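Read the structure below first, then the notes.
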Amino acid sequence: MRTTIRHKDLDMTPALSEYIEKKLVSSVARFVAASGGDLPILDIEVGRGTHHHHKGIVFYAAAHLTVGRLVLRAEEYARDVREACDEVRKSLEREWLGEKGRATALARRRGRRVKAETRLDPAAQFARRGRIREEGE
């Protein structure tokens, strides 16, 4: 997986970089690896959302995941950069599972439509009614 980490108005310490790699990149790689296919691209941006606020929700983390034609984006704000990274990871997992469920639902819907279109006319069906008798009774 190709990963890009950018920072804006924030000192990227080795500890923060390691935390992002450990918590965000490795978990995203784990649930994307099961899909196979194209090379996933993960772009992460962390930083301060505002210059004039010094406390409160001032940090943000954003992730942009591209796998083939599928593009997922998550952005979260929090009091700490690490909290924002954790929330982004949860948001990406939620979106990924939603897309997996969507693909399954669309496949089932297509199957139901094909079945309905190929169904015989009720007058042409051979249906047995009543009790089925054994031979010789």
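Whether a residue is at pLDDT 90 or above, touching a Gly at 6+ places or on another chain (Cβ under 9 Å), surrounded by fewer than 17 Cβ atoms within 10 Å (Cβ to Cβ) and under 22 Å from Tyr19 (Cα atoms) was assessed, and Arg79 passes this test.
Return the residues of the range 82-101 that are closer than 29 Å to Lys55 by Cβ, surrounded by fewer than 16 Cβ atoms within 10 Å (Cβ to Cβ) and not basic (Lys, Arg); say none if nothing qualifies.
Scanning the range 82-101 gives a single hit, Glu83.
Out of the residues in the range 87-126 meeting the condition of being part of a helix (DSSP H, G or I) and of a type in the set (S, T, N, Q), tell me which one is modelled with the lowest pLDDT. Step by step, filter the range 87-126, then rank; the result is Thr118. Of all residues in the range 38-74, those satisfying the criterion of being under 20 Å from Asp11 (Cβ atoms) and not in a strand (DSSP E or B) are Gly49, Thr50, His51, His52, His53, His54, Lys55, Gly56, Ile57, Val58.
Yes/no per residue for (1) closer than 20 Å to Arg102 by Cβ; (2) of a type in the set (D, E, K, R):
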residue	(1), (2)
Met1	no, no
Thr4	no, no
His7	no, no
Thr13	no, no
Arg30	no, yes
Asp43	no, yes
Thr66	yes, no
Arg79	no, yes
Glu87	no, yes
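Within the range 1-36, the set of residues being in a loop (DSSP other than H, G, I, E, B) and either over 15 Å from the mean Cα position of the chain (by Cα) or on the phi < 0 side of the Ramachandran plot (or both) comprises Met1, Asp9, Leu10, Asp11, Met12, Thr13, Ala34, Ser35.
The values are calculated or read from the model by the stated rules, or taken from the named source; none is laboratory data. Everything quoted here is computed from the prediction, not taken from an experiment. Because the Cβ atoms are built from the backbone with ideal geometry, glycine has one as well, and the counts that use them run over all protein chains shown.
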